[in-house]
Amino acid sequence: MVDNPAARALFGDRLGLAERYAELLVTAGVVRGLIGPREAPRIWDRHLLNCAAVAELIQPGARLVDVGSGAGLPGLALAIARPDLSVVLVEPLARRTAFLVEAVEELGLAGSVAVLRARAEEATGQLPGGLADVVTARAVAPLDRLAGWCLPLAKVGGRLLAIKGASAAVEAAEHAAAVRRLGGGAPVVRVCGAGLLEPATTVVEVVREGAATRPAKRRRPARRSTSDGAPGRLGARRR
């Protein structure tokens with residue numbers, strides 16, 4: 001059993017299940033190239049605990065979609081920590097979805113976790129159970145691109161929770177206007193696991209407020225006509 005107060009706090013009586021998942025990550029996950037060999041010694045602090053801490057932002061019984069799930073981070077970690085959640089892992093690559101399907105079966109999570117092989121932008125009409133209360137993503141893309149992929153998967157009032165690093169506040173400010181055009185509210189930086197993890201997990205939260213807005217089409221300037229009604233160039237002299 002892992003002797004880690006943070007692990008016990010975040011996973012509770014499902015810590016044994018989290019340990020089985022950690023073992024899958026550092027064995028089959030490394031062999032299949034889903035986890036780098038150098039990440040194996042820090043699989044708990046850098047990955048499992050970092051992801052499980054996000055559970056404090058998720059309401060009870062939520063429907064969660066994890067975009068670009070990869071080896072199941074954060075989606076599987078959250079499904080283990082929070083058995084009340086209904087989770088869909090969205091991943092486009094076959095070798096990764098194969099690992100996810102096997103992991104879900106091995107961990108006995110088939111009743112609450114589904115795996116969907118699809119690109120995020122193609123997944124809207126394929127989600128089991130419909131649009132999500134929460135969409136998660138970790139180390140996938142800049143915030144503006146994430147919002148474009150993830151917000152359409154959330155219901156209005158639902159949220160994108162993007163796990164980010166130390167530059168989260170700068171990124172949130174930089175992409176706020178783009179996020180607004182994509183139907184999101186103002187990005188808000190949240191800190192999870194404070195006092196439990198060092199460093200704590202930084203998350204950018206975006207609420208879906210509506211549909212994306214299309215930029216207005218630029219009108220072409222009207223062309224002047226010559227005296228006989230044929231089009232002429234602007235500023236041309238009449239003879």
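The values are calculated or read from the model by the stated rules, or taken from the named source; none is laboratory data. Note that the structure is predicted; figures quoted are calculated from it, not measured. Neighbour counts are summed over all protein chains in view; Cβ atoms, including those assigned to glycine, are modelled from backbone coordinates with ideal geometry.
Assorted remarks:
- Single match in LEU151, LEU160 (criterion: part of a helix (DSSP H, G or I) and either out of contact with any strand residue (DSSP E or B) (no Cβ under 8 Å at 6 or more places or on another chain) or buried (at least 18 other Cβ atoms within 10 Å of the Cβ) (or both)): LEU151
- Across the stretch 174-202, the number of residues qualifying as small (Gly, Ala, Ser), more than 23 Å from LEU10 (Cα to Cα) and free of Cβ contacts under 8 Å to residues at least 24 places away in the same chain comes to 3.
- Hits in the stretch 164-173 (condition: closer than 30 Å to ARG8 by Cβ and either in contact with a His (Cβ under 6 Å, 6 or more places away or on another chain) or in a loop (DSSP other than H, G, I, E, B) (or both)): GLY165, ALA166
- Candidate set from the stretch 206-222 (those that are out of contact with any helix residue (DSSP H, G or I) (no Cβ under 7 Å at 6 or more places or on another chain) and surrounded by 10 or more Cβ atoms within 10 Å (Cβ to Cβ)); member that is modelled with the lowest pLDDT: ALA211
- For the stretch 44-90, a tally of residues being outside any helix (DSSP H, G or I), over 15 Å from LEU160 (Cα atoms) and basic (Lys, Arg) returns 1.
- Within the stretch 107-142, tally of residues that are touching a Ser or Thr at 6+ places or on another chain (Cβ under 7 Å) and at pLDDT 95 or above: 3
- Residue within the stretch 81-96 that is under 24 Å from TYR21 (Cβ atoms) and among the acidic types (Asp, Glu) present: yes
- The condition (being under 21 Å from the mean Cα position of the chain (by Cα) and farther than 14 Å from LEU73 by Cα) is satisfied by just one residue among LEU34, LEU10, LEU15: LEU10.
- Residue count, the stretch 119-142 (criterion: closer than 20 Å to LEU78 by Cα and out of contact with any Phe, Trp or Tyr (no Cβ under 7 Å at 6 or more places or on another chain)): 14
- Residue tally, condition buried (at least 19 other Cβ atoms within 10 Å of the Cβ) and either within 15 Å of the chain's Cα centre (by Cα) or under 15 Å from GLY16 (Cα atoms) (or both), over the stretch 105-114: 2
For (1) free of Cβ contacts under 8 Å to residues at least 12 places away in the same chain; (2) surrounded by fewer than 22 Cβ atoms within 10 Å (Cβ to Cβ); (3) within 22 Å of ARG96 (Cα to Cα), each residue gets a yes or a no:
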{"site": "ALA9", "(1), (2), (3)": "no, yes, no"}
{"site": "LEU34", "(1), (2), (3)": "no, yes, yes"}
{"site": "TRP44", "(1), (2), (3)": "no, yes, yes"}
{"site": "ALA62", "(1), (2), (3)": "no, yes, no"}
{"site": "GLY72", "(1), (2), (3)": "no, no, yes"}
{"site": "ALA81", "(1), (2), (3)": "no, no, yes"}
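- Matching residues in the stretch 164-185 - criterion: being surrounded by fewer than 14 Cβ atoms within 10 Å (Cβ to Cβ) and either under 17 Å from ALA154 (Cβ atoms) or in contact with a Ser or Thr (Cβ under 8 Å, 6 or more places away or on another chain) (or both): GLY165, ALA166
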